[in-house]
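Trainee: The structure is given below, and queries will be raised subsequently.
The values are calculated or read from the model by the stated rules, or taken from the named source; none is laboratory data. Note that the structure is a prediction, hence the values are computed from the model and not measured. Positions of Cβ are generated from backbone atoms using ideal geometry, with glycine treated the same way; all protein chains shown enter the neighbour counts. Just the protein is used for accessible areas: all its heavy atoms, side chains included, with ligands, DNA and RNA removed. Shrake-Rupley method; radii C 1.70, N 1.55, O 1.52, S 1.80 Å.
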Amino acid sequence: MTKAMTGAKMVVQALIDQGVEVVFGYPGGAVLPIYDEIFQQNSIKHVLVRHEQGAVHAAEGYARSTGKPGVALVTSGPGATNAVTGLTDALLDSIPLIVLTGQVPTFMIGSDAFQEADTVGITRPCTKHNWLVKETDKLAATLHEAFHVATSGRPGPVLIDIPKDVQFATGKYTQAQQVETHYNPQVKGDLDAITELAKAMETAKRPVFYTGGGVINSGPAASQLLRELVAATGFPITSTLMGLGAYPASGDSWIGMLGMHGLYEANMAMHDCDLMINIGARFDDRITGRLDAFSPNSTKAHIDIDASSINKVIHVDIPILGDVAHVLEDLLNVWKSRGRKTDKEGLSNWWDQINKWKAVGCLNYKQEGKIIKPQYALQRLEELTKKHDRYVTTEVGQHQMWAAQFLGFEDPNRWMTSGGLGTMGYGFPASIGVQMAHPDALVINVAGEASWLMNMQELGTAMQYNLPVKQFILNNERLGMVRQWQQLLHGERYSSSWSESLPDFVKLAEAFGAKGIQCHDPDALDDAIMEMITYDGPVLFDCLVEKHENCFPMIPSGKAHNEMLLGDDSTEGAIQGAGEALV
Amino acid sequence: MSALKIKKGATSHSAYNLRPNYSDTIEQHTLAVLVENEPGVLARVIGLFSGRGYNIDSLTVAEVDHLGHRSRITIVTRGTPQIIEQIKAQLGRIVDVHKVNDLTVEGASVERELALFKVVGKGDSRIEAIRLADIFRANVVDSTLESFVFEITGTSEKIDAFAELMQPLGLEEIARTGVAALARGST
Ligand SMILES: Cc1cc2nc3c(=O)[nH]c(=O)nc-3n(C[C@H](O)[C@H](O)[C@H](O)COP(=O)(O)OP(=O)(O)OC[C@H]3O[C@@H](n4cnc5c(N)ncnc54)[C@H](O)[C@@H]3O)c2cc1C
Ligand SMILES: Cc1ncc(C[n+]2csc(CCOP(=O)(O)OP(=O)(O)O)c2C)c(N)n1
C-alpha cells in the first residue's frame, strides 16, 4: 500500500488522511512546493494570516474549541522564529498543534544559507517533540507520528522541519496504520490508588474538587463524568482559569474560579478543606500562593496524565497517574460499588461555611456615574450573549481576569485564553481560529487595547475570510495589569504603563473594511453590544472604561489563600518582603 | 562529590509509590536512560537539565543496541529526593526516551569509569607515581623518560582518590569517560 509521490504532496496527503480541514499559514521560499500542492486540491482550506505568530495562535484557538489538533505552516528562518511564541504558549497550555516549517535544502544546512535557522534547535525547548526530516521516504511516517504525539498523553505542540529538497524529491508514502510508535502514555489509573481516593471521599467533612485544563484536554466524556461525580457527591467544585466550562457555571456545586484573581469562597475552600481532589490541574503558582501555607490541613489527591506534574511543587498523598476520563469512570464505579457514601452532616456544615464566604460578595463593584466600569461591561456582555452559541477568547491582563470572573461557561471548549505563558496578542488570532472551526457561532475576543494592538494586523485575515469575530476591547488606555502591580508594589510609580498614541479604533476598523463601534456611556452600552452581535462581519468594539479600576479579589504574590485582598481599601503595604521578587 | 552520602531508599516506577516524605538532603543518583538513537536526543536531555536548572555531575552516552537503534545515557545527578523524582519524570516524558532507571535506589548496581592520567616528572616522584599506580591497578599505556600516561578504571571515587595522590607528583592532564553503570544480578 505504499504509493510514490513528492514530499510536498505527502504533506498534503498526510494532512488529509489525518482529517485536517484547515491550515493556518504564511508562505515563503522554503515551503513553496507545499503551497503549490495546497493550490491544487480542495480538501484542505488554507487561511493566510498576516504574521506567523497569528497562524500558531489561530491554530491554538481552532484546537481548543474543537478538541482536534491545530495545524500551522510557515517558511524557514523568520517564519519559524515568528512561530516560537505560539509554540511556547501551546506547550504551557497543553494545546495539541502540528507546526510545519520549511527548511533550506539538506545540502545547504549548516552553511548559513539564506533564511536558514536551526529551527529544531530553537524549538526543542518549546515543543513537546520535533523532527528534522532529511529523507522523503520518512516524511509521511513522521507526519503521522507527529499527530499521534501531539494528541496522546498530555497534549502539546510538535514541529516538523522539512528541507526544500525533501519536498521536491519523490518517495514512498506510508499510511497512518503502518506507522509504529513506542509513545503510548498510560491512561488507566492504578485501582488501589483510586480506591484510596474513594475511601477518602466517604469520610471527608470538607472536600473540594479542584479541576483544571486536564479535564478539557481529556475530552467531552471527562466533563460529563465530572458532572456526574459532582452531582452524585454534592462536593463543591472550583476550577483553574484553564478548566472553566468543564463544570457548568450555573451548576449547583460551582463555587467559582480559584487562584490569584479567583473568588474568595473558592480560595477559602481550598485553604480550609480536609480533602482536595485535583483533577487535571497542575498546582500552578497562580493557584498555590505561598507554598508553605497552601491548604495546610488537607489530604491531597491528584489525577494527572503527566508524572512530572505530580509532586512537582505540592506533595500529594494520593497520586493517580492516568487520563481524567478513564480515572473518573473507575472512581465513580468504585465509589458507587462501595455504597455511594459521603459524610452528609459534615458536608452540610461545609456548605454553610462556603455560603458564608459567598455572602462576602467578593466580586461586588459599583457602577455609578457616567463612566463604564469594566466589570459592568462584561456583565452586560454576559447577559446579552449567554444564550448564543458563544465562544470566548481573551487577551492577557485585567480584562482577562474580569472575563473569567464575570462570564459564565456552561460547556468545555468554549473558553480560550493564554494561561501559562500569558501571551498578549493571543486572543485576536485565536478568535479567528475558533471562528474558522465554528462559522455560525458568536465568537468574541475580550481584549485590552494594549494586547489587541500586538496582533492587530490579523484584522486583514478576518476580513479576507469573512470571519465575523467580535473584538470587545475594554479600553482603559493603560497596560492595566502592569499599572495595578505598580500601584501595589512600586509606590505608584507608573513606569511606561500608559497606552500612548492609541489609534482611533473605529477608523482603524473602517480602514480594513470592518465595523467600528465606540461606546463610553453606560446607558448606551446594551444597544452598542446588540449592534456588535447583530452585525454580520468583524467588529472592533472600543469600549472606553474606567482607567484606574483594579482587579480584585487578589492574592498578592507570596501570600496565602486566606490573605486575599478584596478591594482597594485593603491594599496598603500589601506586597512586601520575599513576595516582591515573585511575578 | 565523593563526600556525599548516598541514601538508598525504597521507591518504585509507579507514581503512586513516590516517596512519601520529602527531605532537604541532597542526594547523588545515577540514572540510566535508554533512548531512541535519534539526532537531537542528547540535546533534549542536556537541554532539560540546563533549562530546568538541574545538575549534571557526569554524563556518558553511546549506542548500545545497533539493530534496535538504542543508546544508553548514564547521568550522575544530584538534588533533593523531590528534585530527583522530578528529573526522572521529566526524562520519562521525552518522546525519545524508552526507559529511565534510577540505579541508586533500584537495588545494587555497579559503576565504573575509565580515566587517562598524564603525569610528568623525574626521579623520586616518578618512582612514587609508578608505585601508586600499581596499588590502584592503573596501567601504563604510554611512557617517555619524563612522563607516563596511566589508564585506570574504577568507581568515580577511586579515580578522584588517584587524582588527589597524583597531584603533587606531576599530574598534568586527566581525561575521564564519565560513569557507566549497570544493575547487579540477572535483571
Ligand atoms: C494575568 C494572569 C493571571 C492569572 N490568574 C489566574 C488565577 O487567578 N487563577 C487561575 O486558575 N489561573 C490563573 N492564571 C492562569 C495560570 O497561569 C495557569 O495557566 C493555570 O492556573 C493553569 O491551569 P491548570 O492547573 O488547569 O493547568 P493546565 O496548564 O491546563 O495543565 C493541565 C494539567 O492537566 C494534565 N493533563 C492534561 N491532559 C490530561 C488528561 N487527559 N488527563 C489527565 N491529566 C491531564 C497536564 O499534565 C497538566 O498537569 C492566570 C494567568 C494570567 C496570564
Ligand atoms: C507579550 C507580552 N508582553 C508583556 C506582558 C506583560 N503584561 C501582562 S498584562 C499587561 C498589560 C495588558 O494591557 P491591556 O491589554 O491593555 O489589558 P488590561 O490589563 O488593561 O486589561 C502586560 C504588559 C505580557 N503578558 N505579554
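Trainee: Is it fair to say residue B:114 is within 27 Å of residue B:171 (Cα to Cα), away from chain A (no Cβ under 11 Å), within 17 Å of the chain's Cα centre (by Cα) and at pLDDT 95 or above?
Mentor: Taking the combined requirement at face value, the residue satisfies it.
Table: residues versus (1) surrounded by fewer than 18 Cβ atoms within 10 Å (Cβ to Cβ); (2) assigned to a loop (DSSP other than H, G, I, E, B); (3) within 14 Å of another protein chain (Cβ to nearest Cβ).
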residue	(1), (2), (3)
B:35	no, no, yes
B:43	yes, no, yes
B:59	no, no, no
B:62	yes, no, no
B:76	no, no, no
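Trainee: Hey, does region A:456-478 have a residue that's crowded, with 24+ Cβ neighbours inside 10 Å, more than 12 Å from ligand 2 (Cβ to nearest atom) and among the acidic types (Asp, Glu)?
Mentor: The answer is yes, given that some residue of region A:456-478 is crowded, with 24+ Cβ neighbours inside 10 Å, more than 12 Å from ligand 2 (Cβ to nearest atom) and among the acidic types (Asp, Glu).
Trainee: Among the residues of region A:168-184, which ones are surrounded by fewer than 12 Cβ atoms within 10 Å (Cβ to Cβ) and in a helix (DSSP H, G or I)? Lay out the reasoning, then the answer.
Mentor: The first filter runs over region A:168-184 and keeps only residues surrounded by fewer than 12 Cβ atoms within 10 Å (Cβ to Cβ), leaving A:177, A:180, A:182, A:184.
Result: A:177, single match.
Trainee: Could you check region A:195-248 and list, in sequence order, the residues that are among the hydrophobic types (A, V, I, L, M, F, W, C) and out of contact with any helix residue (DSSP H, G or I) (no Cβ under 8 Å at 6 or more places or on another chain)?
Mentor: Across region A:195-248, the qualifying residues are A:200, A:230, A:231.
Trainee: Could you tell me how many of the residues in region A:276-291 are more than 14 Å from chain B (Cβ to nearest Cβ), surrounded by 22 or more Cβ atoms within 10 Å (Cβ to Cβ) and not in a helix (DSSP H, G or I)?
Mentor: Number satisfying all stated conditions: 6.
Trainee: Could I ask something else about it? From A:480, A:422, grab the single residue that is within 16 Å of ligand 1 (Cβ to nearest atom), more than 22 Å from residue A:379 (Cα to Cα) and small (Gly, Ala, Ser).
Mentor: None of the other options fit; the residue is A:422.
Trainee: Related question: Of a type in the set (Asp, Glu) and open to solvent by less than 40 Å² (accessible area, probe 1.4 Å), is that true of residue B:142?
Mentor: Considered against the rule, which asks whether it is of a type in the set (Asp, Glu) and open to solvent by less than 40 Å² (accessible area, probe 1.4 Å), residue B:142 comes out as no.
Trainee: What do you reckon, is residue B:50 within 17 Å of the chain's Cα centre (by Cα) and either open to solvent by less than 30 Å² (accessible area, probe 1.4 Å) or at the interface with chain A (Cβ under 10 Å from one of its Cβ atoms) (or both)? Explain how you work it out, then say what you get.
Mentor: Details: within 17 Å of the chain's Cα centre (by Cα): no; either open to solvent by less than 30 Å² (accessible area, probe 1.4 Å) or at the interface with chain A (Cβ under 10 Å from one of its Cβ atoms) (or both): yes.
Judged against the criteria, residue B:50 is not a match.
Trainee: Could you figure out which of (1) at pLDDT 95 or above; (2) more than 21 Å from residue A:219 (Cβ to Cβ); (3) in a loop (DSSP other than H, G, I, E, B) isn't true of residue A:165?
Mentor: Going through the list (1) at pLDDT 95 or above; (2) more than 21 Å from residue A:219 (Cβ to Cβ); (3) in a loop (DSSP other than H, G, I, E, B), residue A:165 breaks only (3).
Trainee: Kindly provide the set of residues from region A:264-275 that are part of a loop (DSSP other than H, G, I, E, B) and buried (at least 23 other Cβ atoms within 10 Å of the Cβ), ordered by number.
Mentor: Result: A:273, single match.
Trainee: What single numbered condition from (1) open to solvent by 70 Å² or more (accessible area, probe 1.4 Å); (2) modelled with pLDDT of 95 or more fails to hold for residue B:24?
Mentor: Failing condition for residue B:24: (2).
Trainee: Now, a different point. Any chance region B:84-103 includes a residue that's under 30 Å from residue A:308 (Cα atoms), surrounded by 17 or more Cβ atoms within 10 Å (Cβ to Cβ), within 14 Å of chain A (Cβ to nearest Cβ) and of a type in the set (S, T, N, Q)?
Mentor: Yes, some residue in region B:84-103 is under 30 Å from residue A:308 (Cα atoms), surrounded by 17 or more Cβ atoms within 10 Å (Cβ to Cβ), within 14 Å of chain A (Cβ to nearest Cβ) and of a type in the set (S, T, N, Q).
Trainee: In addition: Given the residues A:433, A:397, which is the only one that is within 16 Å of ligand 1 (Cβ to nearest atom), at pLDDT 95 or above and among the small types (Gly, Ala, Ser)?
Mentor: The conditions single out A:397.
Trainee: Follow-up. In region A:222-234, is there at least one residue being within 14 Å of another protein chain (Cβ to nearest Cβ), on the phi < 0 side of the Ramachandran plot and surrounded by fewer than 17 Cβ atoms within 10 Å (Cβ to Cβ)?
Mentor: For region A:222-234, residues within 14 Å of another protein chain (Cβ to nearest Cβ), on the phi < 0 side of the Ramachandran plot and surrounded by fewer than 17 Cβ atoms within 10 Å (Cβ to Cβ): absent.
Trainee: Tell me, which residue of region A:354-374 that is of a type outside the set (A, V, I, L, M) and in contact with a Leu (Cβ under 7 Å, 6 or more places away or on another chain) is surrounded by the fewest Cβ atoms within 10 Å (Cβ to Cβ)? So that I can check it myself, show each step before the final result.
Mentor: So the first thing to find is which residues in region A:354-374 are of a type outside the set (A, V, I, L, M), and the list is A:355-358, A:361-362, A:364-370, A:373-374.
Going one step further and asking which of them are in contact with a Leu (Cβ under 7 Å, 6 or more places away or on another chain), we end up with A:362, A:374.
Working: A:362: 21, A:374: 26.
Taking the candidates together, the pick is A:362.
Trainee: Just give me the residues in region A:292-339 being without any contact (Cβ under 8 Å) to a residue 60 or more places away in the chain, part of a loop (DSSP other than H, G, I, E, B) and among the aliphatic types (A, V, I, L, M), in sequence order.
Mentor: Answer for region A:292-339, where residues must be without any contact (Cβ under 8 Å) to a residue 60 or more places away in the chain, part of a loop (DSSP other than H, G, I, E, B) and among the aliphatic types (A, V, I, L, M): A:310, A:313, A:314, A:316.
Trainee: Could I ask something else about it? Can we say residue A:92 is of a type in the set (A, V, I, L, M) and within 16 Å of ligand 2 (Cβ to nearest atom)?
Mentor: yes
Trainee: With respect to residue A:187, is the statement that it is surrounded by fewer than 22 Cβ atoms within 10 Å (Cβ to Cβ) and within 9 Å of ligand 1 (Cβ to nearest atom) true?
Mentor: When the stated conditions are applied, residue A:187 passes them.
Trainee: Is it the case that residue B:126 is assigned to a helix (DSSP H, G or I), more than 14 Å from every other protein chain (Cβ to nearest Cβ) and open to solvent by less than 60 Å² (accessible area, probe 1.4 Å)?
Mentor: Numbers: assigned to a helix (DSSP H, G or I): yes; more than 14 Å from every other protein chain (Cβ to nearest Cβ): yes; open to solvent by less than 60 Å² (accessible area, probe 1.4 Å): yes.
So residue B:126 passes the test.
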